[in-house]
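Shown next, in structure tokens, is the structure this report addresses.
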Amino acid sequence: MRLKIILYLIFTFYLVILVRVYQLAIKEHKHYSSLALNNTHKVLYIKPKRGIIYDAHNVPIAYNELRFSILLKPHLTTPTLQKTLQFINTYLPIDIQKVTKIYRRNNSFYNHDDIPIVEYIKYQDIINVMPILIHNPNLTIESDYLRIYPFKEVLSHIVGYVGKANKSDVAKNPELKYIKLTGKNGIEKQYNKILTGTLGKKNVIVNAKNKIIKELNSTKALSTNIQLHIDSTLQKFIYNLLKKQDKKGSIIVMKTTGEVIAMVNYPSYDDNLFVRGISTKEWRKLIHNNFNPFLNKAIAGLYPPGSTIKPSLGLVAIASGKLNPYQKIYCPEEIEIGHRKFRDWKEGGHGYVDIFKAIKRSVDVYYYKIGLLLGIDYIAANLKKMGFGKKTQIDLPNERSGIMPNKMWKKRRYHQSWYMGETVNASIGQGYVLVTPIQIAVNTALMATGKLPIPQIIRKIGDKYIPTRQKDVLTATQKKFLPLIQRGMWQVCNSIGGTATRHLAKLPFFIAGKTGTAQVHSIPQDVKKRKREDELAYWKRSHAWLTTYAPFHNPQFVVTALIEHGGHGGEAAGGVISQIYRKLIQMHYIQLKKHHKKR
Amino acid sequence: MINNKAIYHFDFVLLFLLFPFIGISLFLVHEISPILFKKEIAYITIGFVAFLVAFLFPIRKYLWIIPFLYFVNIALLVGVDLFGVSILGAQRWLKIPIINLTIQPSEFMKTTMILMLGYKIYKNPPDKGYTFVELIKISWIILLPFVLIAKEPDLGTALVLLIVGFGTLIIVGVKRKVLINGIVFLLVFIPFAYQFLLKDYQRNRINNFLGHPSYHVKQSMIAVGSGGVFGKDKQKATQTQLKFLPIASSDFIFAYYAERFGFVGVIVLLSLYFFLSYYLLSYVSILKNDFFAMPIFASVGLIVFVYSYVNIAMTINLAPVVGIPLPLLSHGGTSFINFMIIFGILENLLAFKYEFLYNFNQENEDEGL
């Protein structure tokens, strides 16, 4: 009896096993089969070589250079470590103390990876001693590519730099876990996906020790080179121009259709520092510099546009039908609105002024009156369309929009209603109005051609040209009156009394433009005669604008300059801009035809 | 030397029942490693020699040798405790100084213990079941090695001995009242033992088994699960061939078998084990008056069941991982030879059931022992 029970028990126990095996091998067979497959199938990744960035004439401005690193095994004893370092030192001079420190810092108990002690050794430095070094069992030599930016400060704001991919980068693109480097700024960031490329994959079968038993198939690693519109020679020329004269600011050279030929900021920084990981000391030096070398002022520096707003506002006023361009309006030295005096820049005023004189002489009071005539909301809506206080959509990261204020904006921002005086200030590009230099360049192109271009740095991706785009933002009426404004802008640079005429050295063709002086601090009410700009302390001096286009009869290029605390626009930037135009001729960017030339 | 009667009583079925296991083992081990296969051929040969020696040894004549072997084995276990070699935290091995050989005395304990049980029961046969006092008097034979082996610590082997020992006593005969009390005691004692008597790593193993299986078990389950209905070719049995399945030839040989032959193969193997233990246990009623042979058959039947069950169960996460081989299948000389000795003794007990001496001419079949 008991024996029978025990036999039944045994039978039941074996049955339980059978049920369990049934569950594993039949019910969940698929699951376990895929697990078995996962065990053996591994994918090996091949890193793509990051795409090269060329300038408009195929000069590489970001490329990869083969470099070598020496790695030591972890957990070496002090005598072995010293012996190994001495051994390396006999063939390849190294700073033993520094290297020892690096090794100690990384040699944690939990680390089982080899520790890199010297990185980025040049090929020619290591190639002769490599056969000797690799025989030491304690060290390995690995090769990797270092991203090089040969133009350093000159192009850093445009090209940007690569850095180690962090967690959020990897979350966006899982392949970065293997590629490791990703674009962190500038073009490197903007076109990161194209430059990074895709991993090559090799499907293999491995055993439990991860040894490859068989290769199945593979795909190649791919990446694409790109070309920019930037001309590195011109860029360097302009950078050196600013550097020599120590003019801090931003200069943009752009085709009227939007191709950015040069975009220079001074001061700047060396982007190569970031590739290897910038040190805290160097980073602090960059960040705490009062002149903001890290800021791409051309697209992210915010300044009041000052008088550069005047051609556009003039056009808006004429096209509105409320202003007769030929009517001479009396412009005294000041007008009073609500117990507040608004003065012209010129003591004594300009007398009777039409639109041409208003642009040529940059008559403030004329514009105060226009402003009051149109009202802020009408002005803001129209000027925003013309590029003020709005992102230009240039193909660079971190562009800022600036501000083109209206009543609603002020309500939302400050919970206050709008004052008339603020309309007056906005009419001469002061007060709340803030723009970036690239916005002024784009607006100048609009004044020159009637089309608002989207500035573009990229020229080619792989073999494919990327066309530029222009937006048709002007109304028919505005287009009709545009030539009047252009005439005013011509007078700025060429007529006697034009605010830039004296400062533009003689050029063999006509250019047109507008000066601007953007105040950074307000002038007390009782001061009648303004101080000369160069008598002010540096930080109180106004920012100087000069934006131009040329040739006048066939506008092809826009050159816009902002000189921080440069004082008067024409004075501060006229010389530089003349030199740039001369360089453009010399480089055959501007082909002089007969009708371009001055008679 | 061996007369016709002995050959007549020799159980060829029992012997032939071993061949499928040996065949399967040789086949699997050959596929896993040709080197291990050569070793296996060697120890199987030795195993058969041991079988023959154990068969021919007139154990019923020299019964005194049983307590002698038992206590020598116990002494060796104590020796392990005092001078043993510790491998991976468990002190299970004894180094023999001159010939530089390590032995694992707990491996042989199952043989000497079941013989000792048979000896003791033969000396004090139960009269319609053991009483509580009688049971205590016998069970020290089980508890002494249990404590010594559990202390090593090798709780798995110790518990298997405990189950086999007491299972045998229950089969031989225990009074109903004692049996019920024993079951109640166990139900109370197991939770207590888990909480207070187990070491951390042992509790971990049990928790692992209840929760997430370890790497070994996971790979073993993958092997079993990927085998499917009919199993996979040698080349496609990647779990074993590419060495993801650890110790595939020994403790986890069942997983390879299942990967190779699938669910159908498992039915065959389980039937073989069931039939073997059934066959051994069925001798209990045939030999019900032979109080020496009967308990030994009972315990061997239980050993085959408990060992095979625990081993297979751990490979499919039905039991915690313990170092218990699959009887006759796992690659391992000591375990195999040990089993062959046991089966030799069993054949001896059958063949010379009616003879005390090999050339005993007197025929007295009816009297029995």
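No value in this document is a laboratory result; all are computed from the given coordinates. Just so it is clear, the model here is predicted, and its values are computed rather than measured. Here the Cβ positions follow ideal geometry from the backbone for every residue, glycine too, while neighbour counts run over all protein chains shown.
Remarks
- The aspartates and glutamates within cross-link reach of A:LYS122, meaning a Cα-to-Cα straight distance under 18 Å and a gap of 8 or more places when in the same chain, are A:GLU65, A:ASP95, A:GLU142, A:ASP144.
- Eligible lysines near A:LYS471 by straight Cα distance, threshold 25 Å, same-chain separation 8 or greater: A:LYS255, A:LYS297, A:LYS310, A:LYS384, A:LYS385, A:LYS390, A:LYS391, A:LYS451, A:LYS460, A:LYS479, A:LYS480, A:LYS514
- Full extension of the chain segment joining A:HIS553 with A:ILE26 gains 181.3 nm, where the gain is 0.36 nm per residue of separation less the Cα-Cα distance.
- FRET efficiency, A:SER417 to A:HIS41 (Cβ-Cβ, R0 60 Å, nearest 0.05): 0.30
- For peptide B:267-277, the mean count of partner chain Cβ atoms within 10 Å of a residue's Cβ comes to 3.
- For chain B, the longest principal axis of the alpha carbon atoms and the long axis of helix B:12-32 meet at an angle near 20°.
- Number of partner chain Cβ atoms within 10 Å, mean per residue of B:237-245: 5
- Protection-proxy order for peptides A:500-513, B:7-20, each taking the mean of Cβ atoms within 10 Å per residue, highest first: A:500-513, B:7-20
- Cα-projected label distance for B:ALA75 with B:ILE190, points at 7 Å along beta-carbon direction, nm: 3.9 nm
- Taken about its Cα centre, segment B:215-306 carries a charge dipole of about 300 debye when Lys and Arg each add +1 at the Cβ and Asp and Glu each add -1 at the Cβ.
- Shape category assigned to segment A:44-227 from the gyration tensor of Cα positions, a/c cut at 1.5: oblate
- The trypsin sites (Lys or Arg not before Pro) of segment A:257-363 that DSSP puts in a loop, and whose beta carbon has at most 15 other beta carbons within 10 Å, are A:ARG276, A:LYS322, A:LYS328, A:LYS346.
- The slack in the chain from A:TYR378 to A:LYS49, taken as 0.36 nm per residue of separation less the alpha-carbon distance, amounts to 113.2 nm.
- For B:SER250, nonlocal amide neighbours, meaning residues 5 or more places apart or on other chains whose placed amide H falls under 5 Å from its own, are B:HIS331.
- For chain A, the 222 nm mean residue ellipticity estimated from helices alone, with every DSSP H stretch of n ≥ 4 adding -39500 (n - 2.57) and the total spread over all residues, rounds to -10500 deg cm²/dmol.
- Partner lysines for B:LYS175 [C-alpha distance under 29 Å; skip if fewer than 8 residues away on the same chain]: A:LYS4, B:LYS110, B:LYS120, B:LYS123, B:LYS128, B:LYS137, B:LYS288, B:LYS353
- Peptide A:32-41, shielding by other chains (average Cβ, 10 Å cutoff): 6
- Between segment B:57-74 and segment A:234-250, the Cα center-to-center distance that results, in Å: 105 Å
- Computed about its Cα centre, the charge dipole of chain B is approximately 740 debye, with only Lys, Arg, Asp and Glu carrying charge at their Cβ.
- Efficiency of FRET from Cβ geometry, A:LYS322 and A:ASP472, R₀ 25 Å, rounded to 0.05: 0.55
- FRET efficiency, A:LYS101 to B:HIS212 (Cβ-Cβ, R0 35 Å, nearest 0.05): 0.25
- C-alpha long axis of helix B:333-351 to longest principal axis of chain B, angle in °: 30 degrees
- Rounded to 10°, Cα long-axis angle of helix A:29-40 versus longest principal axis of chain A: 80 degrees
- Charge dipole (Cα centre; +1 on Lys/Arg Cβ, -1 on Asp/Glu Cβ; no other charges) of chain A amounts to roughly 940 debye.
- Our note on the geometry: Cα centres of segment A:565-581 and segment A:126-190, 40 Å apart.
- Approximating the spin labels as points 7 Å out from Cα along Cα→Cβ, the A:LYS506-to-A:LYS83 distance works out to 8.2 nm.
- Cβ-based charge dipole, chain A, positive-most Cα from A:MET587, A:PRO437, A:ILE88: A:PRO437
- Across segment A:149-176, the residues whose backbone nitrogen lies under 20 Å from the label position 7 Å along the beta-carbon direction of A:ASN398 are A:149-170.
- Listed residue pairs exceeding 30 Å between alpha carbons, taken from A:LYS164/B:LYS218; A:LYS98/A:LYS209; A:LYS201/A:LYS236; A:LYS167/A:LYS411; A:LYS202/B:LYS38; A:LYS101/A:LYS285: A:LYS164/B:LYS218; A:LYS98/A:LYS209; A:LYS201/A:LYS236; A:LYS167/A:LYS411; A:LYS202/B:LYS38
- Stretched out straight at 0.36 nm per residue, the stretch from A:LYS479 to A:THR233 would grow longer than its current Cα-Cα span by 85.0 nm.
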